[in-house]
Amino acid sequence: MKETGTGDAKVREDICRFGRSLFERGLTPGSSGNISVRLDDGSYLVTPTNASLGFLDPARLSRLDAQGRLLSGDAPTKEVPLHSALYHTRSAARAVVHLHSTHSVALSMLPEIDPHAVLPPMTAYYLMRCGATALVPYYRPGDPAVADAIKGLAGKYSSVLLANHGPVVAGDTLEAAVFATEELEETARLYLLLRGLNPRFLSPEQIADLVKKFGLTLPAHGH
Ligand SMILES: [Zn+2]
């Protein structure tokens, strides 16, 4: 496989379709957000720099080799290191989605956030799609230290929230990564709606039942 259109046409269409859907629902504004998919040959398709997810052109997506060098298409998003860090530590990951989604960004700034679980166990679907979500501290855009911070999580989290910035979520498929990012955003929204109202979250017994029934692997939570 080389250059455009040889075997990756469906993936290109899927990236553009999911990107448009996310953009049109207000889940990432302007030219924010980016999507990547790891292909069978170890190369990557990535959304280009300064591209709105609402108006992607399948033929202009950036194709990168396994080392991150541009093979074809436009220059890739400057946020490639966020994606690479997750692929680096999660060998099963086939897609990564990064958004600047409002409620997740709001959540990332709250003082009570646990960096090992940014959200309490609110719904079964949050636990099933996202597991726990880790918080990575604020870094200036383009600072390579953010990739090191993600690598420091050692692949234990498929779902990471960058403080004052937004979520980065890996999945076994593009669809899984998109749905998990949406689940994180909607759960962050629920949390903000319920904040201060003393809501009932899932009990340890209810979580244990989900873990057993669906074979979830939640990161060990030491405190
Ligand atoms: Zn970003």
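Numbers below:
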read-out	value
Single match in MET109, MET122 (criterion: modelled with pLDDT of 95 or more and farther than 20 Å from ILE207 by Cβ)	MET109
Candidates LEU174, LEU190, LEU218, filtered to the one that is out of contact with any Cys (no Cβ under 6 Å at 6 or more places or on another chain), closer than 17 Å to VAL118 by Cα and at pLDDT 95 or above	LEU190
Test result for ALA177, part of a helix (DSSP H, G or I), in contact (Cβ under 8 Å) with a residue 12 or more places away in the chain and in contact with a Leu (Cβ under 7 Å, 6 or more places away or on another chain)	no
Residues of region 97-120 satisfying the condition of being aliphatic (A, V, I, L, M) and more than 16 Å from the ligand (Cβ to nearest atom)	LEU110, ILE113, ALA117, VAL118, LEU119
Subset of region 57-70 [surrounded by fewer than 21 Cβ atoms within 10 Å (Cβ to Cβ) and either at pLDDT below 95 or touching a helix residue (DSSP H, G or I) at 6+ places or on another chain (Cβ under 7 Å) (or both)]	PRO58, ALA66, GLN67, GLY68
Total residues in region 131-159, condition touching a residue at least 40 places away in the same chain (Cβ under 8 Å) and within 12 Å of the ligand (Cβ to nearest atom)	3
Members of region 17-55 found to be within 16 Å of the ligand (Cβ to nearest atom), over 16 Å from the mean Cα position of the chain (by Cα) and among the aliphatic types (A, V, I, L, M), listed by number	ALA51
Only listed residue being closer than 25 Å to LEU210 by Cβ and surrounded by 21 or more Cβ atoms within 10 Å (Cβ to Cβ), chosen from GLY73, GLY155, GLY131, GLY171	GLY171
Options PRO199, PRO167; residue that is assigned to a strand (DSSP E or B) and more than 13 Å from ALA93 (Cβ to Cβ)	PRO167
Number of the condition not met by ASP14 [criteria: (1) among the acidic types (Asp, Glu); (2) surrounded by fewer than 17 Cβ atoms within 10 Å (Cβ to Cβ); (3) touching a Leu at 6+ places or on another chain (Cβ under 7 Å)]	(2)
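The values are calculated or read from the model by the stated rules, or taken from the named source; none is laboratory data. Because the structure is predicted, anything quoted here is derived from the model rather than measured. Neighbour counts run over all protein chains shown; Cβ positions are idealised from the backbone, glycine included.
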